[in-house]
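Here the structure comes first, spelled out in structure tokens, and everything after it is commentary.
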Amino acid sequence: APPSRELLHESARRLRHRGPDGVGVHAAPGIGFVHTRLSLVDLNERSNQPFWDASHRYCLVYNGELYDYGALQAELEQRGVVFRTTSDTEVLLEALIHLGVEAALPRLEGMFAFAFYDSQSGALVLSRDRFGMKPLFIHDGASMFLFGSEVTAMRPWLALEPDSSTVNAFLRGSNGPMSGRSFYDQVSIVPPGAVVRVSAGGRVEVTQCLSVSDL
């Protein structure tokens, strides 16, 4: 069944401070997306998210900025891609579609965390930039998979409890967690440069794709 639009809008309300310029909500059988937009590139509403390709097969929810998107757009145009906006959001989406995730990621110069969805296969791909500049949290539960730029977005869906071992380590003088276990039980932090693949059947696979040492 489609996820509750009421809960999706509640997640959006909790993220409003991250993007006060627009709110997008999408709900379909088995999948739901929320995006609150801070407009930086192409201020027009045509670049609002969740952002779909022209065929309405692929969808992108994206937080960040690509510094080299102009050069990447020019390359994609040479391949025959026709752009409808002047946003780096559309450039990222088309790069993922036409180059593939593994080939596109090393080409991206910037800071980002995104979710790339194929409505035909039902597969979801998440990734985070190699420096971990943009946050990305996930919950891999028995009945649902959640992701967000802040844990607070998960609160309408999940009873959040502290992870005592992580909290204790922090209180003893360790730095806050940057990947792996977070301050919350059942919520983890996607490592910088990692790719998270979620199949239509719910199987989750995490691989490392980018590294600072590759630069």
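The values are calculated or read from the model by the stated rules, or taken from the named source; none is laboratory data. All values derive from a computational prediction rather than experimental measurement. Glycine also receives a Cβ, built like all others from the backbone with ideal geometry; neighbour counts cover every protein chain displayed. In case anyone asks, the SASA skips ligands and DNA or RNA and just uses the protein heavy atoms, side chains included. Shrake-Rupley method; radii C 1.70, N 1.55, O 1.52, S 1.80 Å.
Observations
- With every protein chain in place, the range 33-82: carbon and sulfur % of accessible area (1.4 Å): 48
- Note on exposure: 205, 161 ranked by accessible area (1.4 Å probe, complete protein assembly) read 161, 205, with the most exposed listed first.
- Helices in the chain, meaning DSSP H runs of at least 4 residues, each add -39500 (n - 2.57). Divided by all residues, the mean residue ellipticity at 222 nm is -5500 deg cm²/dmol.
- Label positions at residue 144 and residue 118, each projected 7 Å from the Cα along the C-beta direction, are separated by 2.6 nm.
- Ordering 121, 188 by accessible surface, largest first, gives 121, 188; the 1.4 Å probe counts only protein heavy atoms, with every chain in place.
- Placing unit charges on the Cβ atoms only, positive for Lys and Arg and negative for Asp and Glu, gives the chain a dipole magnitude near 480 debye about its Cα centre.
- Among the protein heavy atoms of the range 108-215, carbon and sulfur supply 52% of the accessible surface, probe 1.4 Å, non-protein parts ignored.
- One chain, two ends: residue 77 and residue 56. Fully extended at 0.36 nm per residue, the span grows by 5.6 nm beyond their Cα-Cα distance.
- With DNA, RNA and ligands ignored, accessible area of residue 46 (1.4 Å probe; Å², nearest 10): 110
- Computed over protein heavy atoms with a 1.4 angstrom probe, the accessible surface ordering of 67, 117, largest first, is 67, 117.
- Length released on extending from residue 45 to residue 107, taking residue separation times 0.36 nm less the Cα-Cα span: 19.6 nm
- Structure-derived Cα extents along the principal axes in Å - corresponding label in [x] 48, 35, 32; [y] 43, 41, 37; [z] 54, 43, 34: [z]
- Computed FRET value (nearest 0.05) for residue 67 with residue 1, which takes r as the C-beta separation and R₀ as 41 Å: 0.50
- Summed over the residues of the chain and divided among them, the accessible surface reaches 51 Å² per residue at a probe radius of 1.4 Å.
- Nearest-20 debye value, the range 94-215 charge dipole, Cβ charges on Lys, Arg, Asp, Glu: 160
- Label-point separation in nm, residue 207 to residue 84, each point 7 Å along Cα→Cβ: 3.0
- Distance between the range 31-78 and the range 85-142 - C-alpha centres, whole angstrom: 10
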